[in-house]
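All remarks here apply to the structure that follows.
The values are calculated or read from the model by the stated rules, or taken from the named source; none is laboratory data. Computed from a predicted structure; not experimentally measured. Positions of Cβ are backbone-derived with ideal geometry, glycine not excepted, and every protein chain shown enters the neighbour counts.
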Amino acid sequence: LAALQTLRERDELGLRVLKSIPLDQLDAALELGLRSGFGDDWIRLGGVKVFADGALGPRTAAMLDDYAGDPGNRGTLLQDRETLFEIGRRALPAGLALAIHAIGDRANHEVLQAFSALARQAWPGTPRIPNRIEHVQLLHPEDMPRLARLNLTASMQPIHATSDMEMAERHWGDRVRTSYAWRSLASAGTRLVFGSDAPVESPNPFWGWHAAITRRRHDGAPGADGWIPQERLDRLAALESFTVHPAELAGMAGRQGVLRPGSLADLIVLEGDPLDCAADELYAQRPCATMVGGRWRYRDF
């Protein structure tokens, strides 16, 4: 955070930052009276980052049932619902939102149970930005509508679906039918926020946009219809999840993520129309210019 502020003071910060607060810094944040949304148009405080489980690859994402072919292994639950409730009980009344990493269906269930209990509490003051679950890669079918009911944002990375599809099928078996469930979540009324999870994946948003609407890799795998094709999004809905919805998550609705009078002058210039090109051409899109804060940060014309 100090480095970001130094760049800001030197007028050298060429992008806007929503900075999460690590869980081990919660006490310090509370003592200082910090709140989510504090800052300016360049650097703002986000939510308290909490890890509820591990990851798919090493089979440490917390599961309701055993991993396929690995009897007895249900991953690692790092925070149960009671612990998550206590974290929320301290953070939310102080104006600090929660951003909770949850990949497996059990981890997501525990997070939802905690937020359900928190929603029944009455206290003055709420965070200025939404609470979110980070990744939401696998949900039990009964949990699918609960994010919308609890006003939780699903922060997801479309490129994970196409990168992980074979591994997900190998580790989760038939449960993959409710994995990376963008359309189901959106249909239930959940706000989707898309990103890349860089440096785990490429930060190129066009790769993620392509994955969101095709559920295919750039080499065409797994076929014309894509992987679990019923979860594909239409092009505009996916674009809004990369632009409009992240601005809402940052407490910057109407100022970021849109181009209109009064909004921040953040934009890119493309050679073609990404809303009109063939879906597979999205993968090859490149900006020929980038403007942030009304200044050209890059251009090749």
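Condition test on residue 262, is it of a type outside the set (S, T, N, Q), in a loop (DSSP other than H, G, I, E, B), touching an Asp or Glu at 6+ places or on another chain (Cβ under 8 Å) and modelled with pLDDT under 95?
Answer is no for this residue.
Taking only the range 218-259 into account, find how many residues are of a type in the set (A, V, I, L, M), in a helix (DSSP H, G or I) and free of Cβ contacts under 8 Å to residues at least 60 places away in the same chain.
Number satisfying all stated conditions: 5.
Report, ordered by the first and then the second residue, all pairs with beta carbons closer than 7 Å, sequence separation of six or more or different chains, a first member in the range 45-67 that is free of Cβ contacts under 8 Å to residues at least 24 places away in the same chain, and a second member that is in a strand (DSSP E or B) and acidic (Asp, Glu).
60/53
Among the residues of the range 122-175, write down those that are touching an Asp or Glu at 6+ places or on another chain (Cβ under 9 Å) and farther than 19 Å from residue 62 by Cβ.
Answer for the range 122-175, where residues must be touching an Asp or Glu at 6+ places or on another chain (Cβ under 9 Å) and farther than 19 Å from residue 62 by Cβ: 129, 130, 153, 159, 161, 163.
Within the range 50-62, does at least one residue satisfy the condition of being crowded, with 18+ Cβ neighbours inside 10 Å, closer than 27 Å to residue 256 by Cα and modelled with pLDDT of 95 or more?
Among the residues of the range 50-62, at least one is crowded, with 18+ Cβ neighbours inside 10 Å, closer than 27 Å to residue 256 by Cα and modelled with pLDDT of 95 or more, which makes the answer yes.
Looking only at the range 207-217, decide whether some residue is in contact with a helix residue (DSSP H, G or I) (Cβ under 6 Å, 6 or more places away or on another chain), of a type in the set (Lys, Arg), over 20 Å from residue 271 (Cβ atoms) and in a helix (DSSP H, G or I).
No - not one qualifying residue is present in the range 207-217.
Which of the residues spanning the range 1-32 are more than 19 Å from residue 266 (Cα to Cα) and acidic (Asp, Glu)?
Selection gives 9, 24, 27, 31.
What tally of residues in the range 254-296 results from selecting those that are of a type in the set (D, E, K, R) and more than 26 Å from residue 211 (Cβ to Cβ)?
Number satisfying all stated conditions: 3.
If you check residue 193 against the conditions, is it in a strand (DSSP E or B) and of a type in the set (A, V, I, L, M)?
It is true that residue 193 is in a strand (DSSP E or B) and of a type in the set (A, V, I, L, M).
For residues that are in a helix (DSSP H, G or I) and touching a strand residue (DSSP E or B) at 6+ places or on another chain (Cβ under 7 Å), scanning just the range 108-142, find the one that is surrounded by the most Cβ atoms within 10 Å (Cβ to Cβ).
Among residues in the range 108-142 that are in a helix (DSSP H, G or I) and touching a strand residue (DSSP E or B) at 6+ places or on another chain (Cβ under 7 Å), the one surrounded by the most Cβ atoms within 10 Å (Cβ to Cβ) is 111.
Looking at 247, 279, 238, 212 in this structure, which one is out of contact with any Lys or Arg (no Cβ under 6 Å at 6 or more places or on another chain), surrounded by 14 or more Cβ atoms within 10 Å (Cβ to Cβ) and modelled with pLDDT under 95?
Just a single option satisfies the conditions, and that option is 279.
Can you tell me which residue in the range 251-271 is surrounded by the most Cβ atoms within 10 Å (Cβ to Cβ), limited to those that are touching a helix residue (DSSP H, G or I) at 6+ places or on another chain (Cβ under 8 Å) and closer than 16 Å to residue 236 by Cα?
So the residue we want is 257.
Hey, can you tell me all the residues within the range 18-35 that are part of a helix (DSSP H, G or I), small (Gly, Ala, Ser) and touching a residue at least 40 places away in the same chain (Cβ under 8 Å)?
29
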